[in-house]
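Peer 1: Input: one structure, supplied below.
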Amino acid sequence: MKKRGTVLFAAWCGALLFIWTVIPAFAQGGGPSSFVMSAEVKQQLNAMRMEKAARTPAQKKMSSQLVHAVKARRGELKQMGLSSLRPGVKVEDDGTVLVDIKARVTQGLLADIEGLGGV
C-alpha cells in the first residue's frame, strides 16, 4: 500500500504540474520553449513535499489520498497552502471512510477492528 500511495502521489504531482504549466503555455501559442513554472505552482509543489516529509510513521503506511482526506477535514491542507487539493476519498456524513485492509486475519485483529467501530 505504501508504494501505491507514493505512486499515486507522484502521479498527482505530475498531473498538477502539467495542467498548470504546459497547457497554458500551449494555449497562449507557445510551446515547450515557453515552459515557465509559476510561483504558485512552485509553492504548492514545495508544500506537498513538506507535507509528505512531515508525516508520522503511521501516516507513511497509509494511502496519500486517505491522509489528505483526514487533513482536509481538519483544515490542515488549507493551512499548508494546499486548499486546492481534492482527495479522491468518499467521506460519509458520519466521518467514516470505506477502506480495504490487507492483513493476516486473526480473531484478535477482527476484535480490534470491531472495537474501533469497523465492520
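The values are calculated or read from the model by the stated rules, or taken from the named source; none is laboratory data. From a predicted model like this one, the values you see are computed outputs, not experimental measurements. Positions of Cβ are generated from backbone atoms using ideal geometry, with glycine treated the same way; all protein chains shown enter the neighbour counts. Surface accessibility is based on the protein's heavy atoms, side chains included, excluding ligands, DNA and RNA. Shrake-Rupley method; radii C 1.70, N 1.55, O 1.52, S 1.80 Å.
Peer 1: Quick check on the range 82-109: of everything there that is among the hydrophobic types (A, V, I, L, M, F, W, C) and surrounded by 12 or more Cβ atoms within 10 Å (Cβ to Cβ), which residue is nearest to Ser64 (Cα to Cα)?
Peer 2: Val89
Peer 1: Go over the candidates Trp12, Trp20 one by one and state the one that is modelled with pLDDT under 85, of a type in the set (Phe, Trp, Tyr), under 13 Å from the mean Cα position of the chain (by Cα) and assigned to a helix (DSSP H, G or I).
Peer 2: Trp12 is the lone residue from the list that is modelled with pLDDT under 85, of a type in the set (Phe, Trp, Tyr), under 13 Å from the mean Cα position of the chain (by Cα) and assigned to a helix (DSSP H, G or I).
Peer 1: Restricting the first residue to the range 96-118 and requiring it to be in contact (Cβ under 8 Å) with a residue 40 or more places away in the chain, which pairs with a second residue that is open to solvent by 100 Å² or more (accessible area, probe 1.4 Å) meet a Cβ separation below 9 Å and a spacing of at least six or different chains?
Peer 2: Listed pairs, sorted by first residue: Lys102/Met1.
Peer 1: In the range 37-46, is there at least one residue being over 21 Å from Phe9 (Cα atoms) and over 20 Å from the mean Cα position of the chain (by Cα)?
Peer 2: no
Peer 1: Can I ask one more? Name the single residue, out of those in the range 59-111 being part of a helix (DSSP H, G or I) and β-branched (Val, Ile, Thr), that is farthest from Gln44 (Cα to Cα).
Peer 2: So the residue we want is Val70.
Peer 1: Which ones in the range 25-54 are among the hydrophobic types (A, V, I, L, M, F, W, C), open to solvent by 80 Å² or more (accessible area, probe 1.4 Å) and either on the phi > 0 side of the Ramachandran plot or modelled with pLDDT under 65 (or both)?
Peer 2: Phe26, Ala27, Phe35
Peer 1: Also, quick follow-up: Report, by residue number, each residue of the range 84-119 that is on the phi > 0 side of the Ramachandran plot and more than 23 Å from the chain's Cα centre (by Cα).
Peer 2: Residue satisfying the conditions is Gly117 alone.
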